[in-house]
Amino acid sequence: MSKETIMRVAVVRELGEPLVVEERTLPVPSHGQVLVRLEASGLCHTDIHAAHGDWPVKPQPPFVPGHEGVGLITAVGSGVAADRIGRRVAVPWLHTACGHCEHCVSGWETLCLAQQNTGYSVDGCFGEYVLADADYVVAVPDGIDPLEAAPLTCAGVTTYKAVKVSGARSSDLVAVFGIGGLGHLALQYAKIAGATVVAVDVTEDKLAAAKQLGADVTVNARQVEPQREIQALGGADVVITTAADAAPLKSAFESLRRGGRLVLVGLPADNQMELPVFQTVLGGISVIGSIVGTRRDLAEVFELHAAGRTKVIYETRRLDDVNSAIEEVLTGRVTARLVFDLSDQCRAE
Ligand SMILES: [Zn+2]
Ligand SMILES: [Zn+2]
């Protein structure tokens with residue numbers, strides 16, 4: 001087969017087993033689809049959960065993970081304007097939705113019960129090409145580096161939406177628990193909303209980065225109790241949690257002031273969180289779950305980045321190193337988002 005008709009993809013053949021990089025025939029876009037030649041593809045923790053089959057609804061192997069894809073449209077199916085070929089787009093978690101249910105028509109397509117998810121229920125972006133729904137890819141403005149656009153496609157839009165639903169405003173104290181791929185962006189969106197921001201983590205490197213990205217206060221949860229520090233500041237109006245273990249969730253709750261909002265973004269492996277009902281009721285506390293963001297949210301994320309208002313911390317890896325990259329994330333060795341560089345010079349011979 002010629003190089004133009006095959007692509008390399010990283011495949012989960014068995015849940016919990018290492019991924020296998022294999023060659024596949026280049027797919028042909030069907031009605032309403034586009035074929036995207038990927039330039040960059042971010043590694044999100046969700047991809048690892050998918051590959052391990054950690055969640056109650058498990059993906060069906062074999063499948064290709066990845067939902068932070070950015071690349072150029074190289075072919076379109078019927079019903080898709082040919083002039084979209086050559087455009088740069090992002091391929092997010094929301095592969096498609098029904099478009100007409102109450103959620104879809106009210107601006108909450110991310111809650112659609114009929115949605116398909118990239119890299120989970122359909123093949124995703126850990127490869128040289130991906131098929132996507134022409135209506136659900138999001139244009140990446142000129143001037144944004146694909147390697148930066150990739151983490152924005154999930155980590156960016158997820159935290160942007162979390163700040164949006166938190167209702168954070170200029171007089172608020174917003175605490176972000178966990179300054180990794182998600183948290184470093186969350187704190188920037190909270191700053192853009194005008195809030196005073198506290199960054200909480202357990203590693204000094206990440207806290208130093210948070211400070212550089214605009215955090216007003218940093219708290220090392222290994223050295224002090226975050227809730228004490230944050231209550232000393234008056235308590236948080238909003239806490240956004242990307243850290244998902246029991247201990248940070250407890251600290252996060254106890255950091256809230258009365259009337260505060262706890263926005264849950266990270267997903268704990270055991271799916272449990274202790275919620276003291278008495279304090280929640282008497283304190284008028286809101287607990288809010290937030291899942292990714294809509295196409296419009298992602299477009300706004302790109303607008304902010306194109307305007308130079310956000311910074312993305314990332315490191316590149318090769319697709320062939322997918323298993324060691326997953327290992328790096330699981331052991332917490334990397335402080336930044338990992339992005340597979342799929343540009344020409346990084347493609348294997
Ligand atoms: Zn993700
Ligand atoms: Zn729908």
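The values are calculated or read from the model by the stated rules, or taken from the named source; none is laboratory data. Here the structure is a predicted model, which is why all the values come from computation and not from measurement. Glycine also receives a Cβ, built like all others from the backbone with ideal geometry; neighbour counts cover every protein chain displayed.
Does Gln279 satisfy the condition of being modelled with pLDDT under 95, over 24 Å from Lys206 (Cβ atoms) and assigned to a helix (DSSP H, G or I)?
Values: modelled with pLDDT under 95: no; over 24 Å from Lys206 (Cβ atoms): yes; assigned to a helix (DSSP H, G or I): yes.
Taking the combined requirement at face value, the residue does not satisfy it.
Is one or more of the residues making up region 155-178 assigned to a loop (DSSP other than H, G, I, E, B), within 16 Å of the chain's Cα centre (by Cα) and within 16 Å of ligand 1 (Cβ to nearest atom)? Give the derivation first.
The first filter runs over region 155-178 and keeps only residues assigned to a loop (DSSP other than H, G, I, E, B), leaving 167-172, 178.
Retained after the next criterion (residues that are within 16 Å of the chain's Cα centre (by Cα)): 178.
Imposing the further condition that a residue be within 16 Å of ligand 1 (Cβ to nearest atom) reduces the set to 178.
The answer is yes; a qualifying residue exists.
With assigned to a loop (DSSP other than H, G, I, E, B), more than 16 Å from ligand 1 (Cβ to nearest atom), at pLDDT 95 or above and in contact with a helix residue (DSSP H, G or I) (Cβ under 8 Å, 6 or more places away or on another chain) as the only criterion, which of Pro18, Pro27 stands out? Give the derivation first.
Details: Pro27 fails: in contact with a helix residue (DSSP H, G or I) (Cβ under 8 Å, 6 or more places away or on another chain).
Step by step, each of Pro18, Pro27 is checked, and only Pro18 is assigned to a loop (DSSP other than H, G, I, E, B), more than 16 Å from ligand 1 (Cβ to nearest atom), at pLDDT 95 or above and in contact with a helix residue (DSSP H, G or I) (Cβ under 8 Å, 6 or more places away or on another chain).
Return yes when Ser121 is in contact (Cβ under 8 Å) with a residue 40 or more places away in the chain, of a type in the set (S, T, N, Q) and within 16 Å of ligand 1 (Cβ to nearest atom) and no when it is not.
Numbers: in contact (Cβ under 8 Å) with a residue 40 or more places away in the chain: yes; of a type in the set (S, T, N, Q): yes; within 16 Å of ligand 1 (Cβ to nearest atom): yes.
Judged against the criteria, Ser121 is a match.
Kindly list the number of the only condition in (1) within 16 Å of ligand 2 (Cβ to nearest atom); (2) within 19 Å of Ala134 (Cβ to Cβ); (3) in contact (Cβ under 8 Å) with a residue 60 or more places away in the chain that fails for Gly107.
(2)
Any idea which of (1) more than 23 Å from Gly167 (Cα to Cα); (2) out of contact with any Pro (no Cβ under 8 Å at 6 or more places or on another chain) is the one Ser290 doesn't satisfy?
Failing condition for Ser290: (1).
Of all residues in region 301-342, count the ones that are among the hydrophobic types (A, V, I, L, M, F, W, C), surrounded by 22 or more Cβ atoms within 10 Å (Cβ to Cβ) and either on the phi > 0 side of the Ramachandran plot or not in a helix (DSSP H, G or I) (or both).
Counting residues in region 301-342 that are among the hydrophobic types (A, V, I, L, M, F, W, C), surrounded by 22 or more Cβ atoms within 10 Å (Cβ to Cβ) and either on the phi > 0 side of the Ramachandran plot or not in a helix (DSSP H, G or I) (or both) gives 5.
Would it be correct to say that Leu267 is in contact (Cβ under 8 Å) with a residue 24 or more places away in the chain and either crowded, with 20+ Cβ neighbours inside 10 Å or part of a helix (DSSP H, G or I) (or both)? Spell out the reasoning first.
Details: in contact (Cβ under 8 Å) with a residue 24 or more places away in the chain: yes; either crowded, with 20+ Cβ neighbours inside 10 Å or part of a helix (DSSP H, G or I) (or both): no.
Here the answer is no, as Leu267 does not meet what is asked.
Only one of (1) without any contact (Cβ under 8 Å) to a residue 24 or more places away in the chain; (2) part of a strand (DSSP E or B) is not met by Leu38, so which one is it?
Of everything listed in (1) without any contact (Cβ under 8 Å) to a residue 24 or more places away in the chain; (2) part of a strand (DSSP E or B), Leu38 misses just condition (1).
Looking only at region 195-246, how many residues end up being within 17 Å of Lys311 (Cβ to Cβ), aliphatic (A, V, I, L, M), free of Cβ contacts under 8 Å to residues at least 40 places away in the same chain and touching a Lys or Arg at 6+ places or on another chain (Cβ under 9 Å)?
Residues flagged as within 17 Å of Lys311 (Cβ to Cβ), aliphatic (A, V, I, L, M), free of Cβ contacts under 8 Å to residues at least 40 places away in the same chain and touching a Lys or Arg at 6+ places or on another chain (Cβ under 9 Å) within region 195-246 amount to 3.
Go through region 68-104 and give me each residue that's within 16 Å of ligand 2 (Cβ to nearest atom), among the acidic types (Asp, Glu) and part of a loop (DSSP other than H, G, I, E, B).
none
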